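Notes for the one structure printed next.
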Amino acid sequence: MPACPPLVLIHGAWQGSWAFDGWRPLLEAAGWQVHAVDLPGNDARAGSVAQANLEGYTEHVLHVLQRIGAPSVVLGHSGGGITASQVAQAAPERVHALVYVSGMMLPSGMSYAELIAECRRRDPAFHYEGVGPRLAWEPDGSASRVPADAARDLFLHDCEPNAAAAAAARLCPQPEPGRDMRNRLSAARFGRVPRLYIECLQDRSVTLPLQRLMQALTPGAVRVSLDCGHVPQLACPLDLLNALHTGLAMLAAPALDPDAGPC
C-alpha cells in the first residue's frame, strides 16, 4: 500500500489549528502526515493581524507546502475552503487534491454573502440566518466574536457536551478581512486539481442548500455525505476519516491502480 501524502488542514473563521486536535490522532494512526496550520491573525496571534486576509492566508499555507516539499492533500473546513481554493490556484503542482469539509468552495469572484443571496433568488422559500445576527463586533467593525451559546447552537450542536463547551470557549476574534473574502480562480490552475466535497447534512451554519449550490456552481468535485453538523472532526471523527478515505479512493478510481489504498 502506498504511503499517505502529507495532509494540510486549514481551519475556518474564529478558530486555530486546535480545531483539528480531536481528529489528528486518528489521522496519524491511519498513516497521514498531518500539518495543521494557524492562519495569521487568528487564535489570539497579535502582530500578524495585517496578514489576516486571503493573500496573507494563501502565502502562509504556501510556505507550509514549500517546507513539506511534496504534493499534499489540502483540506479546508468551513471558511478554510476559500484559502484552500486559492492555494490550489497559486500552486496547483503542490496540491495532490483539495478536500472541503462543509467548506466554502465558492466560485471565482463570489463572496459567501452573495452565495446566500443567490440561494434565496433561486428558491424564495430558502430561509437562512446563520451566525451573522449573533456575532459580537469590535466597535470599529474590524473583528467579530462568536458567543459561546451561538457556537453551541449552530456549530457544535451534535458534539459531546463537554467537548462542545471546550471548543466554544476557545473560539477567538476573527478579523473581518479574513472572513469576507473572494477567490480569483482559473480553470487552467485551480480547475486541474482533483476535488472532494464532504458535505454535512445537518449543518446549521453552512446549511445543506448552500453546500449543494456551491457544488453546482463549482462543478467537478466528488461528493461524500455525512449525517452530522458543522464540525465532524469533533462530532464524528472516525466517520470523517472514513469519508476522507472513501472520497480520495473515488478520485483515484479512474487510474485503476490495483495497489491503491485508502490514501
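Read-outs: derived from the displayed coordinates by stated rules, not from any lab. Remember, predicted model here, so these are calculated numbers, not experimental data. Because the Cβ atoms are built from the backbone with ideal geometry, glycine has one as well, and the counts that use them run over all protein chains shown.
Listing for the model above:
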{"read-out": "Antiparallel bridges, percent of DSSP beta bridges restricted to region 6-255 (to nearest 5)", "value": "15 percent"}
{"read-out": "Of Met250, Met181, Met105, the one that fluctuates the most in a GNM where the chain has Cα springs shorter than 10 Å", "value": "Met250"}
{"read-out": "Charge dipole magnitude, Cβ of K and R +1, D and E -1 - region 139-219, Cα centre, debye nearest 20", "value": "540 debye"}
{"read-out": "Candidates Arg170, Arg67, Arg145: whichever shows maximal mean-square fluctuation once the chain is modelled as a Gaussian network with Cα springs under 10 Å", "value": "Arg67"}
{"read-out": "The chain: most fluctuating residue of Val99, Val131, Val206 per GNM, C-alpha cutoff 10 Å", "value": "Val131"}
{"read-out": "Within the chain, helix-based [θ] at 222 nm, where runs of 4 or more DSSP H residues each add -39,500 (n - 2.57), nearest 500", "value": "-10000 deg cm²/dmol"}
{"read-out": "Relative contact order (%) - criterion: Cα under 8 Å, at least six apart; region: region 6-255", "value": "23 percent"}
{"read-out": "Efficiency of FRET from Cβ geometry, Arg120 and Glu28, R₀ 41 Å, rounded to 0.05", "value": "0.45"}
